[in-house]
């Protein structure tokens, strides 16, 4: 994967939930979280009491093309002030917290969050410190817990990875489309064109002696059609295959003699 | 997010598609890809012609708890030998490749891959070099393209992030469950218990003079019930709220006198 798919002339998508980093430690992780947000059209970062102060040069360097996220980021002295204006708060955690809170996968949570944001609510998602996550009082401020389906033998995700997965689900649900368009493929072939190709091919195969005996022909034709139908051919596929098979049928063109008067001067 | 959710006594989940890194450059990225695989129960890594040879010490250090993935990894001199035994191959790319190939989101692709693996097929997913991705001839070896829904203004995902997103979709579809169990919550309250709490509460409120006039009482009760029903209360929620409101109703317990003979010696 590379940056080659990025179109720098486009304006970044904005909106989505507030991504709230609670007491992040390393500037690099803030920068990587900003990049993950920018990948997925999230623009609003809140930072609660960052260990190394703010602004943070390491964060800016790491954020690279996502500098706009850091420029818009707002810093709060404590979590309560960072969530004061929000209507709903979700807390990401990697482990059971002994709280009677609903636990949602990122997909389910984002469905709720998307609905709330469409209803003009302001929503925040809490991401804890790199080493120790969120403490229980911080989780208690949230309406629900977001966690990720992971192998319990390897449950550890870093800060930017957690932001990436939430962002990925957000973009899928809020903006949906893939970055380039699969519809640029040729349209699916109409069955008429496919069958026309089949009958032409079968006639040619018959001419060339492909069918060893007349009574075997129907089963062999069915088998051949089964194989080719699995291609789910586009219109272009049909043209390409018909072109290729008819060239095969024709065989090589005899070499043109150099002194042939008809081709001279071409 | 932290590693605190990881249970080191568990055996890692294995299986899934072959994760094929094509000419990866940095050992750190191979290690991060291994970690992302281990998070999501993917165990089989193939490495095509790694720039810095193999084994790679930086990869091992970065992989940390995912060392088992690197130990099982197999190295191939070229892509063709790495896919020779596979039944299906998918190529991840961040940009349009001008190929008439089907383009799938990671979720859709993983649905296909999961089905194929359940049908005993062997499937591989190609991830390109950090800087330049896969070249067109490499993409041409694949049955379909996987890409990610991203903001086109910030389309760049790094190698480990691409592996992480595919792994996340894989685990969701193949293993599903969240790492801790939301079902440990108290069961949802039966409507009978909820209504019993409501009528008790309304009687107490009436006793305390909450309803200013009898004709306003029905609407105020409906409003109160609407608010409380939004809680979707569990059995435990009903007990907790009933306990709290009855304590409120009772008010403070009068302090016990120190020389009260009834409490002496307790």
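Conditions: (1) facing chain A (nearest Cβ under 7 Å); (2) out of contact with any helix residue (DSSP H, G or I) (no Cβ under 9 Å at 6 or more places or on another chain); (3) in contact (Cβ under 8 Å) with a residue 12 or more places away in the chain. Residue B:168 meets all but one. Number of the miss?
Here residue B:168 meets the rest and fails (2).
Outside the structural domain of residue A:47 (by TED's automatic domain parsing) and in contact with a helix residue (DSSP H, G or I) (Cβ under 8 Å, 6 or more places away or on another chain): does that describe residue A:193?
So residue A:193 passes the test.
Residues of the stretch A:19-32 being touching a residue at least 40 places away in the same chain (Cβ under 8 Å), assigned to a helix (DSSP H, G or I) and surrounded by fewer than 24 Cβ atoms within 10 Å (Cβ to Cβ), which ones?
Answer for the stretch A:19-32, where residues must be touching a residue at least 40 places away in the same chain (Cβ under 8 Å), assigned to a helix (DSSP H, G or I) and surrounded by fewer than 24 Cβ atoms within 10 Å (Cβ to Cβ): just A:29.
Report, by residue number, each residue of the stretch B:123-161 that is without any contact (Cβ under 8 Å) to a residue 24 or more places away in the chain, over 22 Å from the mean Cα position of the chain (by Cα) and crowded, with 24+ Cβ neighbours inside 10 Å.
Once the filter is applied, which keeps residues that are without any contact (Cβ under 8 Å) to a residue 24 or more places away in the chain, over 22 Å from the mean Cα position of the chain (by Cα) and crowded, with 24+ Cβ neighbours inside 10 Å, the stretch B:123-161 yields only B:154.
Among the residues of the stretch A:215-222, is there at least one that is touching a helix residue (DSSP H, G or I) at 6+ places or on another chain (Cβ under 8 Å) and either within 26 Å of residue B:102 (Cα to Cα) or outside the structural domain of residue A:22 (by TED's automatic domain parsing) (or both)?
There is at least one residue in the stretch A:215-222 that is touching a helix residue (DSSP H, G or I) at 6+ places or on another chain (Cβ under 8 Å) and either within 26 Å of residue B:102 (Cα to Cα) or outside the structural domain of residue A:22 (by TED's automatic domain parsing) (or both).
Say whether the condition of being within 26 Å of the chain's Cα centre (by Cα), modelled with pLDDT under 95 and surrounded by fewer than 21 Cβ atoms within 10 Å (Cβ to Cβ) is met by at least one residue in the stretch A:57-66.
So far as the stretch A:57-66 goes, yes, one or more of its residues are within 26 Å of the chain's Cα centre (by Cα), modelled with pLDDT under 95 and surrounded by fewer than 21 Cβ atoms within 10 Å (Cβ to Cβ).
Assess whether residue B:201 counts as being in contact with a strand residue (DSSP E or B) (Cβ under 9 Å, 6 or more places away or on another chain), buried (at least 20 other Cβ atoms within 10 Å of the Cβ) and more than 9 Å from chain A (Cβ to nearest Cβ).
no
Taking the stretch A:1-18, which residues are in contact with a strand residue (DSSP E or B) (Cβ under 7 Å, 6 or more places away or on another chain) and either part of a helix (DSSP H, G or I) or within 13 Å of chain B (Cβ to nearest Cβ) (or both)?
Result: A:1, A:2, A:4.
Output the residues belonging to the stretch B:67-80 that are surrounded by 14 or more Cβ atoms within 10 Å (Cβ to Cβ) and farther than 27 Å from residue B:11 by Cα.
B:76, B:79 - these are the residues of the stretch B:67-80 that are surrounded by 14 or more Cβ atoms within 10 Å (Cβ to Cβ) and farther than 27 Å from residue B:11 by Cα.
Considering only the stretch A:84-121, state which residues are over 12 Å from residue A:146 (Cα atoms) and either buried (at least 22 other Cβ atoms within 10 Å of the Cβ) or over 25 Å from the mean Cα position of the chain (by Cα) (or both).
The answer is A:84, A:85, A:86, A:87, A:88, A:98, A:99, A:100, A:119, A:120, A:121.
What residue, of A:35, A:46, is at pLDDT 95 or above and part of a strand (DSSP E or B)?
Among A:35, A:46, only A:46 is at pLDDT 95 or above and part of a strand (DSSP E or B).
Just to be sure before I move on: is residue A:196 more than 22 Å from residue B:143 (Cβ to Cβ) and either at pLDDT below 90 or surrounded by 10 or more Cβ atoms within 10 Å (Cβ to Cβ) (or both) in the structure I sent?
Yes: the conditions hold for residue A:196.
Would you point out which residue out of B:89, B:60, B:75 is in a strand (DSSP E or B), away from chain A (no Cβ under 14 Å), touching a helix residue (DSSP H, G or I) at 6+ places or on another chain (Cβ under 8 Å) and over 15 Å from residue B:163 (Cβ atoms)?
So the residue among B:89, B:60, B:75 that is in a strand (DSSP E or B), away from chain A (no Cβ under 14 Å), touching a helix residue (DSSP H, G or I) at 6+ places or on another chain (Cβ under 8 Å) and over 15 Å from residue B:163 (Cβ atoms) is B:89.
Look at the stretch B:134-154 and say how many of its residues are facing chain A (nearest Cβ under 8 Å) and closer than 19 Å to residue B:109 by Cα.
So the count comes out to 4.
The values are calculated or read from the model by the stated rules, or taken from the named source; none is laboratory data. Remember, it's a predicted structure, so these values are computed and weren't measured experimentally. As a convention, Cβ positions derive from the backbone with ideal geometry for all residues, glycine included, and neighbour counts pool all protein chains shown.
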